[in-house]
Amino acid sequence: PCISLCPAHVNIPGYIALVGEEDYAGAIYLIRKDNPFPTACAMVCEHPCEERCRRKMLESPINIRALKKYAVDMMPADKVATPKPNPSTGKSIGVIGGGPAGLTAAYFLALMGHKIEVYETHDKLGGMLRYGIPNYRFPKDRLDEDIRAILNSGDIHVTYNTTIGKDIPVKDIYEKHDAIFVGIGAQTGKTLRIEGADAGNVVSAVDILDQIGNGNLPDYTGKNVVVIGGGNVAMDAARTALRLGAEVHIIYRRSEAELPARKEEVHHAKEEGVIFDLLENPTEILVDENGWVKGVKLIKMELGEPDASGRRSPIEIPGSEYEMECDTVIMSLGTSPNPLISSTTIGLDTNKRKCIVATEDTGATSKEGVFAGGDAVTGAATVILAMGAGKAAAKGIDEFLSAK
């Protein structure tokens, strides 16, 4: 049951048994049969597998993620050899985006004997694993352990600091490779359509975490920071701002029971001193004469009937508006797919959410030989879902090339 609920279908009972036998290298080797990021998943996976753990029928689930972390702590992932790749097929595959989906696809395709060229916008690989997850949750030297192992798994070459459609024409990529995988993520932060939302010191959580991931740490010492949103990224942004010296308030329009963030993330944020202002909603961002944030205007809410999501709808309480002073507002309202995704740029069909339309089982798109997966297809989701999509697309690409 746990395997069935893991998006990458990792052999969980198998590697737990190997951890029990203190064969940590064997456990990592087994995990890599389905997931090339054992360290990343050991530290940031949302562990959906535990929901189906048989042990729940007796008491509580086994702490599966912690057992995986114990294995990679005892034996770093880059010290365990990857499987030997198949003989070269002579086929070339372009992977656009070096995040979890792209690198997972590259890993499995390289093991199948294909030549891989990864095109990465940044100067380092990892995507949102590097630029969207704070260092206190996932130290980047640990991410590098997984990435080194992936790059050593076969014929994989990386072109850094290159954006397809900007630095290299899309048609050149299509002409150069036998197949393409698009995994360019969803890294554009959404904002509120309220007065003052374009003021100075209004930033998206994605942008601020990206900035910090690049080593540019803002000084929030003595500042009041307001984070608008209640998801896991909001918790990451709030806890990061706290570590940078700020007093932090999270504004969310529903109650704690409706917070989309995992309960453990909410618990940790509270424990560290983040202040939760629940059942409140911003109506305006207050701006000083120089165009900088000086506060937010909030209105109190109450919960009505459930909406389409199953959560009770927030309803404004007339006459309950008040103002809160702050120096910075961080918007954490979800993300949109990379703006490079469009019919005029990549040449793929998109849906009303501007995500690429691709099949779930193989990642095939409307364009022959072009496959896609990860947040570019699903919208902002989890790391393990992106890895599962990369694995499925690798299978689809290999079958496509075999049929040519």
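The values are calculated or read from the model by the stated rules, or taken from the named source; none is laboratory data. Keep in mind that this is a model prediction, so the values were computed, not measured. Methodologically, a virtual Cβ is constructed for each residue, glycine included, from the backbone with ideal geometry; neighbour enumeration extends over all protein chains shown. Side chains are part of the model used for accessible areas, which takes the heavy atoms of the whole protein and leaves out ligands, DNA and RNA. Shrake-Rupley method; radii C 1.70, N 1.55, O 1.52, S 1.80 Å.
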**OP:** Kindly list the number of the only condition in (1) at pLDDT 95 or above; (2) in contact with a helix residue (DSSP H, G or I) (Cβ under 6 Å, 6 or more places away or on another chain); (3) under 18 Å from G390 (Cβ atoms); (4) not aliphatic (A, V, I, L, M) that fails for K68.
**Re:** (3)
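Does P87 satisfy the criteria of being under 25 Å from D155 (Cα atoms), out of contact with any strand residue (DSSP E or B) (no Cβ under 7 Å at 6 or more places or on another chain) and at pLDDT below 95? Explain how you work it out, then say what you get.
On the way: under 25 Å from D155 (Cα atoms): yes; out of contact with any strand residue (DSSP E or B) (no Cβ under 7 Å at 6 or more places or on another chain): yes; at pLDDT below 95: no.
Here the answer is no, as P87 does not meet what is asked.
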Subject >> Selection count, segment 19-63, where residues are more than 23 Å from P134 (Cβ to Cβ) and of a type in the set (A, V, I, L, M, F, W, C) >> reply: 11
Subject >> Residue that is most open to solvent (accessible area, probe 1.4 Å) [pool: residues in segment 167-186 that are touching a residue at least 40 places away in the same chain (Cβ under 8 Å) and farther than 23 Å from D398 by Cα] >> reply: I168
Subject >> Every residue from segment 1-27 that is open to solvent by 50 Å² or more (accessible area, probe 1.4 Å) and part of a loop (DSSP other than H, G, I, E, B) >> reply: P1, H9, N11, E21, E22, D23
Original post:
Do you know which residues across segment 297-325 are open to solvent by 60 Å² or more (accessible area, probe 1.4 Å), in contact (Cβ under 8 Å) with a residue 24 or more places away in the chain and not hydroxyl-bearing (S, T, Y)?
Top reply: R311, R312, E316, E321, E323, E325
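Given the criteria open to solvent by 10 Å² or more (accessible area, probe 1.4 Å), within 15 Å of G154 (Cβ to Cβ), of a type in the set (A, V, I, L, M) and over 17 Å from the mean Cα position of the chain (by Cα), does L111 qualify?
Numbers: open to solvent by 10 Å² or more (accessible area, probe 1.4 Å): yes; within 15 Å of G154 (Cβ to Cβ): yes; of a type in the set (A, V, I, L, M): yes; over 17 Å from the mean Cα position of the chain (by Cα): yes.
The answer is yes for L111.
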**OP:** Taking the residues in segment 194-217 that are under 25 Å from the mean Cα position of the chain (by Cα) and free of Cβ contacts under 8 Å to residues at least 60 places away in the same chain as candidates, determine which candidate is surrounded by the fewest Cβ atoms within 10 Å (Cβ to Cβ).
**Re:** G215
**OP:** Evaluate the following for E145: is it surrounded by 14 or more Cβ atoms within 10 Å (Cβ to Cβ) and touching a His at 6+ places or on another chain (Cβ under 7 Å)?
**Re:** no
**OP:** Write out, first by first residue and then by second, each pair whose Cβ atoms fall under 8 Å of each other, whose residues are 6+ apart or on separate chains, and whose first residue, in segment 94-121, is closer than 23 Å to P169 by Cβ and in contact (Cβ under 8 Å) with a residue 40 or more places away in the chain while the second is among the aromatic types (F, W, Y) and part of a helix (DSSP H, G or I).
**Re:** none
Subject >> Options E360, E368, E399; residue that is open to solvent by 40 Å² or more (accessible area, probe 1.4 Å), part of a helix (DSSP H, G or I) and either of a type outside the set (V, I, T) or modelled with pLDDT of 90 or more (or both) >> reply: E399
Original post:
Looking at D23, is it more than 19 Å from P61 (Cα to Cα) and free of Cβ contacts under 8 Å to residues at least 24 places away in the same chain?
Top reply: yes
Subject >> Filtered residues of segment 231-253 (kept if surrounded by 24 or more Cβ atoms within 10 Å (Cβ to Cβ) and assigned to a loop (DSSP other than H, G, I, E, B)) >> reply: A246
**OP:** Determine if segment 49-60 includes at least one residue that is open to solvent by 60 Å² or more (accessible area, probe 1.4 Å), at pLDDT below 95 and among the hydrophobic types (A, V, I, L, M, F, W, C).
**Re:** yes
Original post:
Do we have A269 as without any contact (Cβ under 8 Å) to a residue 60 or more places away in the chain, buried (at least 19 other Cβ atoms within 10 Å of the Cβ) and part of a loop (DSSP other than H, G, I, E, B) here?
Top reply: no
Original post:
Within segment 278-296, how many residues turn out to be closer than 14 Å to V225 by Cα and free of Cβ contacts under 8 Å to residues at least 40 places away in the same chain?
Top reply: 2
Original post:
Do we have L286 as touching a strand residue (DSSP E or B) at 6+ places or on another chain (Cβ under 7 Å) and on the phi > 0 side of the Ramachandran plot here?
Top reply: no
Original post:
Taking only pairs six or more apart or across chains, which ones have beta-carbon atoms under 9 Å, a first residue in segment 1-20 that is closer than 19 Å to A40 by Cα and at pLDDT 95 or above, and a second residue that is of a type in the set (A, V, I, L, M, F, W, C) and surrounded by fewer than 15 Cβ atoms within 10 Å (Cβ to Cβ)?
Top reply: V19/M74
**OP:** All but one of (1) open to solvent by less than 60 Å² (accessible area, probe 1.4 Å); (2) assigned to a helix (DSSP H, G or I) hold for K69, so report the exception by its number.
**Re:** (1)
